[in-house]
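S.K.: Please find one structure pasted underneath; my questions will follow.
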Amino acid sequence: MTTFTAAPPASPGTLVRRMAELRELARSRRMAVDLEEPAAVAPAAPRPRRRWLAPLLIVVLLGQMAAAMVVTSVQQTPTIDEPVYVGTAVTYLEQHSLRYNPEHPPLGKLIMAAGLAFAQPRLDPAFRGDQTDLGRHVLYEAGNDPYRLMFLARLPIILLTLLFGLVVFAFARDLAGPAAGVLALALYAFSPDVITHGSLATLDVPAVGFLLTATWLVWRARQRPLLYLPLAGVALGAALATRMSVLPAVPVLLMLAFLALRRLRGLAAAAGVGVLAVAVVWLVYLAVDPALRWAQPAGMPAETGLKGMLVDWLPVPEAYRDGMRVQFAFENSTFSGFLFGRHYQGSLWYYLPAALLVKTPLGLLVLWLAGTVTLLAVPRLRIAALYLLVLPAVLLAVAMTGSRDFGTRYVIFLPVFLAVAAGMVLTVRWRWAHIGAAALALFVAVSSLRTFPYYLPYSNEAFGGPAATHRYLHDSNVDWGQDLGRLADRLHQRYPGEPVWLVYKGAGVPSAYGITAKDPLKVPAADVRGLLVVSDSSIAKATGRLATLLRGSGDPIDEVGHSITIYRRP
């Protein structure tokens with residue numbers, strides 16, 4: 001029979017050590033279980049992805065933008081700059097000549113020419129005159145239909161503006177996902193400034209769109225440099241071949257190209273992008289005239305100092321250099337401006353920020369600020385700030401020192417680049433941030449839709465909407481000559497047979513739209529009886545006889561397109 005001997009009782013110290021060992025063993029087992037849990041526990045079934053939602057929203061947003069731009073384009077007569085561009089585009093088609101409008105490179109006008117080719121426009125081979133006379137001749141004197149010609153010139157710009165909307169979406173999607181892309185596209189598609197200038201035969205939106213495309217491609221080159229850096233060079237060249245105002249962005253883009261690879265490879269990448277950009281500029285000029293015939297116009301201003309060195313140093317066609325000389329001459333000139341009811345000579349450094357405050361939807365201003373803060377505050381997005389904030393900041397600083405206080409079109413790059421930046425607010429992991437962004441985007445959409453189809457004179461609700469813009473701003477902010485056709489309809493419908501005295505600021509020819517009017521500034525004020533019709537920009541800067549006429553005309557009886565005011569003089 002086996003006998004058992006009881007173990008002696010453990011001492012208190014031994015018990016404490018054993019309890020500690022047991023606790024450590026239990027803790028190690030819990031850690032092991034935690035580490036193995038993902039493999040041991042079956043993952044939850046993934047939520048079905050609605051891959052069709054983003055494409056559907058893209059189609060809806062770009063569809064409404066296209067409708068807004070087409071309707072606006074059809075209803076608006078030529079603005080001040082458009083006839084020059086259209087006339088020059090026709091000379092590209094008919095004469096392959098570079099002699100007109102050298103202050104702007106040819107690409108934007110070549111794009112317009114792609115639409116004008118369908119109209120087979122007529123141009124008198126014996127025509128002689130300056131570029132302003134050329135535009136008037138092509139639209140009103142050569143037997144062309146001005147409405148058809150203007151629409152066909154504007155249509156390629158509209159299509160290009162829509163394509164740039166896809167770049168906005170793609171850029172924001174690459175940074176923060178499809179939802180951010182949709183938000184950025186919505187802000188772009190409902191921006192009144194983008195709709196306004198994207199529906200005109202002008203150069204502002206094409207130049208900025210090519211610049212955004214180049215920036216996006218340089219961003220993508222961080223992963224696949226051999227594919228995207230050459231494309232970025234082509235896009236940068238397209239921007240330079242459209243408008244010279246993008247020149248200050250070149251050093252920034254080349255720096256970003258360098259950062260894609262760094263060191264010696266980065267220097268080679270930056271040099272390659274620059275060479276390709278210059279090559280595109282040369283190819284565009286050769287596309288107009290393969291012989292590059294160019295005679296410097298008489299009276300071409302000479303530029304000295306750093307600007308002169310820049311003009312002489314750039315490896316671009318001589319016509320491009322002379323265009324730069326013309327632009328520098330503009331910057332050395334003195335123009336008049338109008339801001340918040342004040343008419344002044346010269347320029348104000350704060351003009352553009354103040355104009356943006358009036359012309360930008362309130363929700364868009366908030367989202368621009370929120371997107372900027374997000375880019376700077378979220379660590380993984382800070383590198384993107386170099387692409388989305390530095391470049392527009394440089395362009396804004398240059399524009400604020402310019403001599404022409406004519407409109408927010410000079411900073412049209414802000415609603416384009418900052419739409420992408422605003423999409424970054426969706427990276428904030430806070431539910432109310434997403435709800436707030438959606439509410440603000442809806443506010444932007446409502447504000448934009450309410451101004452349809454009068455996008456050019458848009459101002460936000462804080463400043464009274466488009467009907468009140470003329471109290472604060474002038475020129476391309478509100479009255480750029482776009483409502484001559486609407487004025488003709490209004491006079492025919494409401495005031496048939498009444499004498500009309502017209503002070504019109506624009507490039508259109510009133511008689512071409514059925515308006516029979518006299519100039520009230522060429523006769524004594526007492527003889528001006530009937531309807532006095534005045535462009536709002538002329539009212540803003542009225543002096544002398546016009547100011548006297550306005551003081552004696554009482555209150556307005558009507559307005560057209562929020563850009564033309566009608567008085568009745570007894």
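The values are calculated or read from the model by the stated rules, or taken from the named source; none is laboratory data. Just so we're clear, the structure is a prediction, and the values are computed from it rather than from any experiment. With ideal geometry, Cβ positions are generated from the backbone for all residues, glycine too; neighbour counts draw on all protein chains shown. Note: accessible area is taken over every heavy atom of the protein model, side chains too, but ligands, DNA and RNA are not part of it. Shrake-Rupley method; radii C 1.70, N 1.55, O 1.52, S 1.80 Å.
S.K.: Restricting the search to the range 353-385, which residues are under 23 Å from V218 (Cβ atoms), among the β-branched types (V, I, T) and part of a helix (DSSP H, G or I)?
M.R.: Across the range 353-385, the qualifying residues are T372, T374, I383.
S.K.: Residue under question is L61, and the condition is that it be modelled with pLDDT of 95 or more, over 20 Å from G115 (Cβ atoms), open to solvent by 30 Å² or more (accessible area, probe 1.4 Å) and not in a loop (DSSP other than H, G, I, E, B); does it hold?
M.R.: Criteria not met by L61.
S.K.: Also: Any residue at all in the range 151-172 that's modelled with pLDDT of 95 or more and farther than 30 Å from L276 by Cα?
M.R.: Checked against the condition, which is being modelled with pLDDT of 95 or more and farther than 30 Å from L276 by Cα, the range 151-172 yields at least one hit.
S.K.: Of the conditions (1) open to solvent by 10 Å² or more (accessible area, probe 1.4 Å); (2) touching a strand residue (DSSP E or B) at 6+ places or on another chain (Cβ under 8 Å); (3) closer than 27 Å to A66 by Cα, Y472 satisfies every one except a single condition; which number is it?
M.R.: Against the list (1) open to solvent by 10 Å² or more (accessible area, probe 1.4 Å); (2) touching a strand residue (DSSP E or B) at 6+ places or on another chain (Cβ under 8 Å); (3) closer than 27 Å to A66 by Cα, Y472 comes up short only on (3).
S.K.: Sort through R450, R409, R429 and tell me the only one that's under 30 Å from A176 (Cβ atoms), open to solvent by less than 20 Å² (accessible area, probe 1.4 Å) and charged (D, E, K, R).
M.R.: R409 is the lone residue from the list that is under 30 Å from A176 (Cβ atoms), open to solvent by less than 20 Å² (accessible area, probe 1.4 Å) and charged (D, E, K, R).
S.K.: It is to be established whether one or more residues within the range 489-506 are in a helix (DSSP H, G or I), open to solvent by less than 70 Å² (accessible area, probe 1.4 Å) and over 15 Å from V358 (Cβ atoms).
M.R.: Yes, the range 489-506 has at least one match.
S.K.: Taking the condition under 30 Å from N332 (Cβ atoms) and not aliphatic (A, V, I, L, M), does W480 pass?
M.R.: Spelling it out, W480 is indeed under 30 Å from N332 (Cβ atoms) and not aliphatic (A, V, I, L, M).
S.K.: Residues in the range 82-119 that are part of a loop (DSSP other than H, G, I, E, B) and either free of Cβ contacts under 8 Å to residues at least 40 places away in the same chain or open to solvent by less than 40 Å² (accessible area, probe 1.4 Å) (or both): how many?
M.R.: Qualifying residue count, the range 82-119: 10.
S.K.: Another question about this same structure. Give the residues of the range 454-469 that are open to solvent by less than 30 Å² (accessible area, probe 1.4 Å) and more than 18 Å from the chain's Cα centre (by Cα), sorted by residue number.
M.R.: Passing the criteria: G465, P466, A468, T469.
S.K.: In addition: For the range 293-314, indicate whether the set of residues that are in a helix (DSSP H, G or I), surrounded by 12 or more Cβ atoms within 10 Å (Cβ to Cβ) and touching a residue at least 24 places away in the same chain (Cβ under 8 Å) is non-empty.
M.R.: no
S.K.: Restricting to helices (runs of 4 or more DSSP H) lying wholly in the range 127-233: which have 3 or more residues that are open to solvent by 10 Å² or more (accessible area, probe 1.4 Å), over 30 Å from T427 (Cα atoms) and among the aliphatic types (A, V, I, L, M)?
M.R.: 146-176
S.K.: Can you tell me which residue is least open to solvent (accessible area, probe 1.4 Å) among those in the range 339-353 that are within 23 Å of the chain's Cα centre (by Cα) and among the hydroxyl-bearing types (S, T, Y)?
M.R.: Here the answer is Y351.
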